[in-house]
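Quick note: the coordinates plus some simple rules give every number you see, no bench work behind them. These numbers were taken from a predicted model, which means no experiment stands behind them. Backbone-built Cβ (ideal geometry, glycine too); neighbour counts: all protein chains shown.
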Number of protein chains: 2
Amino acid sequence: MNEVIETILNHRSIRSFKEQNLTAEQIETIVRSAQSASTSSFVQAYTIIGVNDREKKQRLAELAGEQSYVENNGHFFVFCGDLNRHRILAEMEDVNLQAPLESTEKFMVACIDAALAAQNAALAAESMGLGICYIGGIRNDLPVVCDLLSIPEGVLPLFGMAVGYPKKVTDKKPRLPLENIYHENGYNNDEASFKDQLIKYNETISAYYEERTDGARKDTWTGQMVHMIGAKSRMYMKEFVEQRNLNKR
Amino acid sequence: MNEVIETILNHRSIRSFKEQNLTAEQIETIVRSAQSASTSSFVQAYTIIGVNDREKKQRLAELAGEQSYVENNGHFFVFCGDLNRHRILAEMEDVNLQAPLESTEKFMVACIDAALAAQNAALAAESMGLGICYIGGIRNDLPVVCDLLSIPEGVLPLFGMAVGYPKKVTDKKPRLPLENIYHENGYNNDEASFKDQLIKYNETISAYYEERTDGARKDTWTGQMVHMIGAKSRMYMKEFVEQRNLNKR
């Protein structure tokens, strides 16, 4: 196994960081790594906002649901899907690109571009001995996040990423069985086998939690999912995204 | 610079592959690497479909716009956002999760989860001496792609990835200036400086194309973007995605 695959397979989210800021050089390496990712038709439809302002970090930590590691880390990044850049270049070229820039297709491109860049950033950081945690919690209240970071129309903060020197390293969580995620030549529509795989996976996850909590935590993956998805969080998203002139047509 | 960052910065899309299939072991390493990526609230909202059936690959190559490397490669992967798994587990747990599974929030989660996994897959492949190319072209005609791969409701193919041993290695394309992509503590809303950065970048891109084509190709980034975005491709996406019971509310 080479160093890249080792870094990839060794990933776990870090939620406790030492008080040591990233250097400017580390930040630059992380951003340049992000930029090296593939991008749909060279569109580069994302922007990364680095946050080191203490008050802004505090506010983001509150908004993300009192996640202290959003405030206490080596650097905090916010990854945004960005089609504002293309509105500006349309102005420069004296054309109107409003309709395609407001399309669901281009919204998907922006989400995917930003995520590809982010995963490069994550691995670059991890390869330098840093730990990372993606923060979906910034989507709890995007209107406030957009205000706080002066985000213009056509741009949507998608997730944050806390980066820093790990204080406490956690265990790796077992993933879904490979055959449940990977199908060959067509989707596996045999629901019985699909369910069997999930039942098997529930056993793996139950054992994982029991072992880590000396038997205190009883949980399954499907149970956890029902609870999490059933909470119906962030149902304001469709309307808000459309207000930002994204995903509208 | 470590091996991980070197692999990341060395990325270029490969569009010409040797006739040598990936081994089962290589495919497994790539999929396990994909699965190691972070996933929003552990939701694992994606499925990867490996395609080695010759006729299906031919059809996908046509649909992607006559891209021969979709057919001729070591293995072809289709990355799908997947919330069908969660519909099935809701059935198992006897609850109704329809509303949140149809939300824009969960659609974004599925797009982001799939892209994070894909970028891990890409880097794992590249670290093994393979080349990759993301194929957004499968979105040209998703109804047909969904038929071809028996994709159920709640699942959306997002992009393909051709993987194989590179026959021809191309140059790396220069990215947007770092300061245009990376802002600190808030979005750079100074449009004059933003435009200056794009003008400077146009010069970089023009020089890049001129050098590679002995002066034959005159192009700028903003010109290229106006052409590509102005083509208004895939404007059927919003309606189609909603028909799949995604991004609906």
| field | Phi to ³J(HN,Hα) by Karplus 6.51 cos²θ - 1.76 cosθ + 1.60 over the range A:66-78, Hz, x for Gly, Pro | value | 6, 8, 4, 6, 6, 8, 9, 6, x, 5, 10, 10, 10
| request: Could you list which residues have their amide H under 5 Å from that of A:K167, counting only those 5 or more apart in sequence or on another chain, with H placed in the peptide plane? | output: A:S16, A:F17, A:K18
| field | Unsatisfied cross-links (Cα-Cα over 30 Å) in the set A:K173/A:K232; A:K232/B:K232; A:K56/B:K232 | value | A:K232/B:K232; A:K56/B:K232
| field | Overall form of the protein assembly as shown per C-alpha gyration tensor (a/c, 1.5; a/b vs b/c) | value | rounded
| field | Shortest-first distances to equivalent copies, position B:R54, nm, label 7 Å out along Cβ | value | 6.8
| said: If neighbour count is taken as other Cβ atoms inside 10 Å, put B:H183, A:H227 in order from fewest to most. | reply: A:H227, B:H183
| field | B:E91-A:D94 FRET efficiency (beta carbon distance; Förster radius 51 Å; 0.05 resolution) | value | 0.40
| With point charges of +1 on the Cβ of Lys and Arg and -1 on the Cβ of Asp and Glu, referenced to the Cα centre of the protein assembly as shown, which listed residue (B:H11, B:W221, B:A125) lies farthest in the positive direction of the dipole? | B:W221
| chain B - charge dipole about Cα centre, Lys and Arg +1 at Cβ, Asp and Glu -1, debye rounded to 20 | 500
| remark: With -39,500 (n - 2.57) per DSSP H segment of 4 or more residues and division by the full residue count of chain B, the 222 nm estimate, nearest 500 deg cm²/dmol, is -14000 deg cm²/dmol
| Calculated label separations, A:E191, copies of the chain, 7 Å along the beta-carbon direction, nm | 5.3
| said: What does the charge count around B:A24 come to, taking other residues whose C-beta lies under 15 Å from its C-beta (Lys +1, Arg +1, Asp -1, Glu -1)? | reply: -3
| task | Along Cα-to-Cβ, 7 Å out, sits the label point; list in nm, shortest first, how far the one on A:E25 is from those in the other copies. | result | 3.8
| note | Residues whose built amide H sits under 5 Å from the amide H of B:I135, excluding neighbours closer than 5 in sequence, are B:G160, B:M161, B:A162
| Mind listing the phi-derived Karplus ³J(HN,Hα) values for the range B:107-114, rounded to whole Hz, using 6.51, -1.76 and 1.60 with θ = phi - 60°, and x for any glycine or proline? | 5, 4, 4, 5, 4, 5, 4, 5
